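K.L.:
There's a structure below that I have some questions on.
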Amino acid sequence: MSTRFRILICGTGGGGHVSAGILSMAPDVEVRVLTLDDDKARRWREALHQDGLTVTERKGSQEQVRLTARPFLVTSDPQEAARGCDMVLFAIPAFRHEIYLTALAPYIESGCVIVGFPGQAGFEFDVRKALGERLRTCTVMNFESLPWICRVVEFGKHARIKGTKARLVGAMQGEPAGRRVDDPLALLERLLGDPPKLMVSGHLLGIALRSPNAYSHPPILFGRWHDWDGQALDRPPLFYQGIDEKTAALLGQISDEVVATAKNIMAADPEADLSQVIPMYDWDIGCYGGDIADPTNLMTALRTNSGYAGIEHPMIRTADGKYLPDFNQRFLTEDVPFGLAVVRGIAEIARSPTPGIDAVLSWCQERMGKEYLVGSHLTGKDLDETRCPQRYGLTDLQDLLWPDWIPAHG
C-alpha cells in the first residue's frame, strides 16, 4: 500500500472547505474535492490559483490561528475524483448523498473507506443501495456530526471555524481485509488533530439513533411555532438561547424515547452494540462542556452554550421589515426526512413507542406539505423522499442490523 493517502472530500460548504484545508496540510495526503456543480468547481479552482485557501480559528477570546492550505484538486468529474482513492469523506447535506454515491459508485475501488462526515441517520442505507455487492470489499464509517461549527467566509478562499467539538463519536463496519487504509481511525485522528477526540465503536445503527440534529432542531421549531398566532415578529427569536422549559421537557422526552429504542434493540439482539446512544443532555455536555456556562439541566446547557450564542430561528423578512418563520429550510427539509423520520422508522421496527417524536413529526410534515407518518405507521406517500429503513424494504430487525456486507455480527 502506498504511504501517500488519497482522500476525496465531497462538498463545497463549510465542512468541505475546512476539511480540505486541514487535511491538505499533511505531507503524506493528496486531497481531492468533488462537486457535481461544474460552475462551483471552476470557481474554486480559480480561487485556489489566485489566492489559495485559508482557514481561521479563534483560540481563546481574541487570538486567530490562520492556516494556509496546500494545493489540491477540485473537480466535477466523479471518475477523476475517485480514481485510486483510499478514503471518501461526505461533507455534504444528507439529501445529496444518494446523488454523489450513485455518481461515484462505478469508480470507487475495492478497499475504499467511505466516511459520513457526518452521514446523518440512514447514511449506510444509501451506501448499501448505491454500491450493492461491491460494498462487501469496502468499509463504512459514520460520525454523528462535523468536528467543527464552521462556515464559508469567501467561497474557495476563506473558511472560519467558530468552535471545535471536544469529542466526536462514530462507528465503523466492513471487511478489514484488503482495506486501502490499515487503520482509518488512526489516520483521521492524526489529520484532524486533538480536539476532537474520535471515539469509534459499536454498530452503525447506533450513529443513526445518535443524531442530535434529528431530534433537537425539529422539536425546537415545534416548541416555538406550534401555537404561533400567525403574526409577524419585530426580530428573529433566538434558536437555542430562546428555549423555554416546555420545549426543554419535550427534548428530554424525545431523547428518552430514542435511548429506549436503542435499549429495546440491544435486548432483542445482544450482539448489536448501540451503547453510543445516550441522553441529549449527556451529548451536549460531552461535546461542548467547556463552552457551557450553566450545566444545571438540558435547558440551561442549551441556553448558555457559547457555541450556540446568537443563532436565530430561520426567518423570512417581509417588505415592511418584519419577520415570519421559514419552514422551507434545512432544520425541516433535511433534519426531518434524513433525521427524525429515520429515527422513527427504526423505532417502529423495534416496536418502541414514540409519542413525543410522533407529535413533532406530524407537525413538521404538515408544515412541509409532506406525508410520512400515517396514524402510527410510516406508510405515507412521500416516504420515498426519506431515508427511513422502510423505504429500502427493511422492516425486519435482523435485516436492519446484519446485512451480508457486515462480516460476522459486528
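K.L.:
Return the only residue of Glu30, Glu80 being at pLDDT 95 or above, over 20 Å from Cys150 (Cα atoms) and over 25 Å from the mean Cα position of the chain (by Cα).
P.N.:
Result: Glu80 is the single residue among Glu30, Glu80 that is at pLDDT 95 or above, over 20 Å from Cys150 (Cα atoms) and over 25 Å from the mean Cα position of the chain (by Cα).
K.L.:
Name the residues in the range 131-156 that are touching a Leu at 6+ places or on another chain (Cβ under 6 Å) and either aromatic (Phe, Trp, Tyr) or more than 26 Å from Ser275 (Cβ to Cβ) (or both), would you? Show your work before the answer.
P.N.:
In the first step, residues of the range 131-156 are kept if they are touching a Leu at 6+ places or on another chain (Cβ under 6 Å); the result is 142-143, 147.
Within the range 131-156, just Phe143 meets the criteria.
K.L.:
Identify the residue in the range 278-306 that is among the charged types (D, E, K, R) and part of a helix (DSSP H, G or I) and, among all such residues, is surrounded by the fewest Cβ atoms within 10 Å (Cβ to Cβ).
P.N.:
Within the range 278-306, the match that is surrounded by the fewest Cβ atoms within 10 Å (Cβ to Cβ) is Asp282.
K.L.:
Another question, then. So which residues in the range 355-381 are surrounded by 20 or more Cβ atoms within 10 Å (Cβ to Cβ) and without any contact (Cβ under 8 Å) to a residue 60 or more places away in the chain, if there are any at all? Can you show your working first?
P.N.:
So in the range 355-381, the residues surrounded by 20 or more Cβ atoms within 10 Å (Cβ to Cβ) come out as 356-357, 360-361, 364-365, 370, 372-373, 378.
Result: Gln365, Lys370, Tyr372, Leu373, Leu378.
K.L.:
Another question about this same structure. When the residues of the range 32-49 are narrowed to those that are free of Cβ contacts under 8 Å to residues at least 40 places away in the same chain and not basic (Lys, Arg), which ends up surrounded by the most Cβ atoms within 10 Å (Cβ to Cβ)?
P.N.:
Going through the qualifying residues, I end up with Ala41.
K.L.:
Can I ask one more? Where in the range 38-149 are the helices (runs of 4 or more DSSP H), entirely inside, with at least 3 residues that are among the hydrophobic types (A, V, I, L, M, F, W, C) and on the phi > 0 side of the Ramachandran plot?
P.N.:
none
K.L.:
Which pairs do you get when a residue that is assigned to a loop (DSSP other than H, G, I, E, B), found in the range 157-183, comes within reach of a residue that is among the basic types (Lys, Arg), reach meaning Cβ atoms under 8 angstrom, with the pair 6+ apart or on two chains?
P.N.:
Note: pairs meeting the criteria are Ala166/Lys197; Glu175/Arg136.
K.L.:
Another question about this same structure. Kindly indicate the residue of the range 142-157 that is open to solvent by 30 Å² or more (accessible area, probe 1.4 Å) and not acidic (Asp, Glu) and also modelled with the lowest pLDDT among those meeting that condition.
P.N.:
This residue is Ile149.
K.L.:
Kindly indicate whether Asp404 is touching a residue at least 60 places away in the same chain (Cβ under 8 Å) and either open to solvent by 40 Å² or more (accessible area, probe 1.4 Å) or in a helix (DSSP H, G or I) (or both).
P.N.:
When the stated conditions are applied, Asp404 passes them.
The values are calculated or read from the model by the stated rules, or taken from the named source; none is laboratory data. Because the structure is a prediction, the values reported are computed rather than measured. When we count neighbours, we look across all protein chains shown, and the Cβ atoms used for this are built from the backbone with ideal geometry, even at glycine. Accessible surface areas use protein heavy atoms only, side chains included; no ligands, DNA or RNA. Shrake-Rupley method; radii C 1.70, N 1.55, O 1.52, S 1.80 Å.
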